[in-house]
1. Quick one: would you say residue 57 is closer than 19 Å to residue 88 by Cα and modelled with pLDDT of 90 or more?
2. Would a scan of region 3-19 turn up a residue that is at pLDDT 95 or above, assigned to a strand (DSSP E or B) and crowded, with 16+ Cβ neighbours inside 10 Å?
3. Of all the residues that make up region 32-47, how many are surrounded by 15 or more Cβ atoms within 10 Å (Cβ to Cβ) and farther than 15 Å from residue 60 by Cα?
4. So, of the residues in region 58-86 that are over 17 Å from residue 42 (Cβ atoms) and without any contact (Cβ under 8 Å) to a residue 24 or more places away in the chain, which turns out to be surrounded by the fewest Cβ atoms within 10 Å (Cβ to Cβ)?
C-alpha cells in the first residue's frame, strides 16, 4: 500500500511493509522520530494503480525508526485513535491484499 505521512512540519509519501488493525510498518526516504504523533493516509494500490477505494486517514504514533542498509528508513507506527468504521475499512483492505491460499 502507498501511504502519506503528515507531521507538524512536513508531508511525504511512503510505502507500507506490513499492516494490521493495530498499526503499520513503513519504509521511506525520510526518518521519523520515535514517539512522534503523525497522521497517516493509507491508499490501496493494486497492480501499481491506486484503487478507487477512498484512503483511510488515521492518527498514529511512531513506535520505532531505524535506517536500513540502502539509505531508507523503516518505522513502526501504532494507530492511536481508530474508529470502528476505520477498523472495518482495514479489515476489508487486508482481505483484498492478503495472499490467496494454495
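The values are calculated or read from the model by the stated rules, or taken from the named source; none is laboratory data. In this text the structure is predicted, and so the values were computed from the model without any measurement. Cβ atoms come from the backbone with ideal geometry, glycine included; neighbour counts cover every protein chain shown.
1. Here the answer is yes, as residue 57 does meet what is asked.
2. Checked against the condition, which is being at pLDDT 95 or above, assigned to a strand (DSSP E or B) and crowded, with 16+ Cβ neighbours inside 10 Å, region 3-19 yields at least one hit.
3. The qualifying residues number 3.
4. The residue in question is 69.
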